[in-house]
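> First the structure, then my questions, so here it is.
The values are calculated or read from the model by the stated rules, or taken from the named source; none is laboratory data. Just so it is clear, the structure is predicted and the values come from calculations on it, not from any experiment. We place every Cβ from the backbone using ideal geometry, glycine too, and count neighbours over all the protein chains shown.
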């Protein structure tokens, strides 16, 4: 396939997204070229859209956003034997070195040399084509849509969070934040046998979706004190495993008050502030654990299997759809305070 250009949405500076023609990538011998069909807008995309940075990742040149993606194999490298042209795939967007101690131990998400889509300086998937390592392009089962394939990425986060939290039957769980990550984490916890599962948010629409997807109880934090409510529900014991998935400082601080003695806190959300205070004495006296979630590892195959089996539902999370040409409008909409939205999807023909 001769080198050509492709359409892409480039973020030039906070709030400034432009549709431009850029060089189309060429796959290496171990890569596949994927024609992108669906890309979700993630919270990390919004950090870059609003501020041009996320933690230590800082934009220094125009950046193509998007990493929750799926598409169709358009070309295979000469060494690739596992995929062929036309295969629908979900793309796992972080490509590690495969050589360091973390890669060799299976925790490749901690690789310091990982190349992750839409993490500066690496461009992302709001474009027509991606060249990716073939072993990070996972075939989609028959009947699975490209939108579902794109949503394997956030589901992988939820699956990994439940692995780190050691979710198992007989353990209660609370999910603070009923956005896309919270809703897939809730479902992953349910699949692993957690009960009861409590969802906390300030948005009634999202709490209704949480109940639809398996939450035993939904708490509206805009109407009641969630810590008091959780204490009442658990008769003062607290919750065994508490997930923070909102990326909010207050919710993160509340995890210490919500967790049971000897329980586990899992911080999943990406916070807008680098530093904040927590009640250290309460945390110590509870002898709780705090686990941080950084992306995922080895989570794509089980996530695909969960969706294919019908045990996890991601399709209904998509509330709004835009074309690639509408990407500036889509990102502006995602940054707004519009109601009744969960996952915004960019779709391509």
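> Would you mention how many residues in region 170-187 are at positive phi and either buried (at least 24 other Cβ atoms within 10 Å of the Cβ) or under 18 Å from the mean Cα position of the chain (by Cα) (or both)? Reasoning before the result, please.
We begin by selecting, within region 170-187, every residue at positive phi; these are 170, 177.
From what's left, either buried (at least 24 other Cβ atoms within 10 Å of the Cβ) or under 18 Å from the mean Cα position of the chain (by Cα) (or both): 177.
Here the count works out to 1.
> Here's a check for you: in region 236-254, which residue that is in contact with a helix residue (DSSP H, G or I) (Cβ under 9 Å, 6 or more places away or on another chain) and assigned to a helix (DSSP H, G or I) is nearest to residue 201 (Cα to Cα)?
Ranking the candidates gives 251 first.
> For residue 103, which of the numbered conditions (1) over 26 Å from residue 15 (Cα atoms); (2) within 23 Å of the chain's Cα centre (by Cα); (3) in contact (Cβ under 8 Å) with a residue 12 or more places away in the chain; (4) surrounded by 18 or more Cβ atoms within 10 Å (Cβ to Cβ) fails to hold?
With (1) over 26 Å from residue 15 (Cα atoms); (2) within 23 Å of the chain's Cα centre (by Cα); (3) in contact (Cβ under 8 Å) with a residue 12 or more places away in the chain; (4) surrounded by 18 or more Cβ atoms within 10 Å (Cβ to Cβ) applied to residue 103, the lone miss is (3).
> Just to confirm my filter: which helices (runs of 4 or more DSSP H) fall fully inside region 173-235 and include at least 1 residues that are modelled with pLDDT under 95 and not assigned by TED's automatic domain parsing to the domain that holds residue 160?
Because the criterion is at least 1 residues that are modelled with pLDDT under 95 and not assigned by TED's automatic domain parsing to the domain that holds residue 160, no helices (runs of 4 or more DSSP H) in region 173-235 meet it.
> Here is a follow-up. Exactly one of these conditions fails for residue 167: (1) buried (at least 24 other Cβ atoms within 10 Å of the Cβ); (2) part of a loop (DSSP other than H, G, I, E, B); (3) in contact with a helix residue (DSSP H, G or I) (Cβ under 6 Å, 6 or more places away or on another chain); (4) in the same structural domain as residue 10 (by TED's automatic domain parsing). Give me its number.
(4)
> Further question on the same structure: Inside region 120-146, can you point out the residues that are within 21 Å of residue 43 (Cβ to Cβ) and surrounded by fewer than 21 Cβ atoms within 10 Å (Cβ to Cβ)?
Selection gives 120, 121, 122.
> With the condition kept exactly as written, say whether any residue in region 290-303 is modelled with pLDDT of 95 or more, in contact with a helix residue (DSSP H, G or I) (Cβ under 6 Å, 6 or more places away or on another chain), over 30 Å from residue 135 (Cα atoms) and buried (at least 19 other Cβ atoms within 10 Å of the Cβ).
No, region 290-303 contains no residue that is modelled with pLDDT of 95 or more, in contact with a helix residue (DSSP H, G or I) (Cβ under 6 Å, 6 or more places away or on another chain), over 30 Å from residue 135 (Cα atoms) and buried (at least 19 other Cβ atoms within 10 Å of the Cβ).
> Oh, and also: Across region 53-71, what is the total count of residues that are buried (at least 16 other Cβ atoms within 10 Å of the Cβ) and closer than 22 Å to residue 153 by Cα?
Final tally of qualifying residues: 11.
> Would you check which residues across region 255-272 are touching a helix residue (DSSP H, G or I) at 6+ places or on another chain (Cβ under 6 Å) and farther than 19 Å from residue 160 by Cβ and list them?
Result: 256, 257, 258, 261.
> Checking residue 223 against (1) buried (at least 17 other Cβ atoms within 10 Å of the Cβ); (2) closer than 29 Å to residue 337 by Cα, which test does it fail?
It is condition (1) that residue 223 fails.
> Would it be correct to say that residue 242 is in contact (Cβ under 8 Å) with a residue 12 or more places away in the chain and crowded, with 22+ Cβ neighbours inside 10 Å?
Working: in contact (Cβ under 8 Å) with a residue 12 or more places away in the chain: yes; crowded, with 22+ Cβ neighbours inside 10 Å: yes.
So residue 242 fits the description; yes.
> Looking at 343, 286, can you tell me which residue is under 30 Å from residue 111 (Cβ atoms) and surrounded by 15 or more Cβ atoms within 10 Å (Cβ to Cβ)? Working first, answer last.
Details: 286 fails: under 30 Å from residue 111 (Cβ atoms).
When all the criteria are applied, what remains is 343.
> Of these, 303, 277, which one is in contact (Cβ under 8 Å) with a residue 40 or more places away in the chain and outside the structural domain of residue 94 (by TED's automatic domain parsing)?
Selected residue: 303, the only one of 303, 277 that is in contact (Cβ under 8 Å) with a residue 40 or more places away in the chain and outside the structural domain of residue 94 (by TED's automatic domain parsing).
> I would also like to ask the following. Residue 331 versus (1) without any contact (Cβ under 8 Å) to a residue 40 or more places away in the chain; (2) within 28 Å of residue 74 (Cα to Cα); (3) buried (at least 16 other Cβ atoms within 10 Å of the Cβ): which is the lone unmet condition?
The single condition residue 331 does not satisfy is (1).
> Also, I was wondering about something else. Could you list all residues from region 194-213 that are in contact (Cβ under 8 Å) with a residue 24 or more places away in the chain and more than 22 Å from residue 267 (Cβ to Cβ)?
Once the filter is applied, which keeps residues that are in contact (Cβ under 8 Å) with a residue 24 or more places away in the chain and more than 22 Å from residue 267 (Cβ to Cβ), region 194-213 yields 195, 205, 209, 212.
> Kindly indicate whether any position in region 249-258 is in contact with a strand residue (DSSP E or B) (Cβ under 8 Å, 6 or more places away or on another chain), modelled with pLDDT of 95 or more and under 30 Å from residue 95 (Cβ atoms).
yes
> Give the residues of region 108-152 that are under 19 Å from the mean Cα position of the chain (by Cα), touching a residue at least 24 places away in the same chain (Cβ under 8 Å) and assigned to a loop (DSSP other than H, G, I, E, B), sorted by residue number.
If the condition is that a residue be under 19 Å from the mean Cα position of the chain (by Cα), touching a residue at least 24 places away in the same chain (Cβ under 8 Å) and assigned to a loop (DSSP other than H, G, I, E, B), then 117, 118, 119, 120, 123, 124, 125, 126, 140, 144, 145, 151 are the ones that fit.
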